[in-house]
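Read through the structure below, which is laid out as structure tokens, and then see the notes.
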Amino acid sequence: MFEEGKIEIKKLDSISGTAITSVTSVAIINDQLVINGANLSGVTNVRITGPSNFDKTFSIESKSASNLI
């Protein structure tokens, strides 16, 4: 089990260079990772890292500005 950690967003605003994406919640629903937030439509993949060298990149099955699955 993972301890509470941080979420890092690497999507940048092409004009100002600042991060414009935010995540408000992450859950596993029906065996799918569900991420809710704002300005998520430009995200191309999701990577989770953790203890014991856990490092997994997930493909995105569906997305909108406020939701990734």
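The values are calculated or read from the model by the stated rules, or taken from the named source; none is laboratory data. Bear in mind that the values here come from a model prediction, so they are computed numbers and not experimental data. Heads up, the Cβs are rebuilt from the backbone with ideal geometry, glycines too, and the neighbour counts pull from every protein chain shown. For the accessible areas, the whole protein counts, side chains as well, though only heavy atoms, and no ligand, DNA or RNA atoms are used. Shrake-Rupley method; radii C 1.70, N 1.55, O 1.52, S 1.80 Å.
Screening residue 34 with (1) in a loop (DSSP other than H, G, I, E, B); (2) modelled with pLDDT of 90 or more; (3) within 9 Å of the chain's Cα centre (by Cα) gives one miss only, at (1). Would it be correct to say that residue 22 is farther than 11 Å from residue 68 by Cα, exposed (fewer than 10 other Cβ atoms within 10 Å of the Cβ) and at pLDDT below 85? Considered against the rule, which asks whether it is farther than 11 Å from residue 68 by Cα, exposed (fewer than 10 other Cβ atoms within 10 Å of the Cβ) and at pLDDT below 85, residue 22 comes out as no. Residues that are surrounded by 12 or more Cβ atoms within 10 Å (Cβ to Cβ) and assigned to a strand (DSSP E or B) within segment 51-69 comprise 58, 63, 67, 68, listed in sequence order. The residue that is farthest from residue 20 (Cα to Cα), among those in segment 37-50 that are of a type outside the set (A, V, I, L, M, F, W, C) and open to solvent by less than 50 Å² (accessible area, probe 1.4 Å), is 50.
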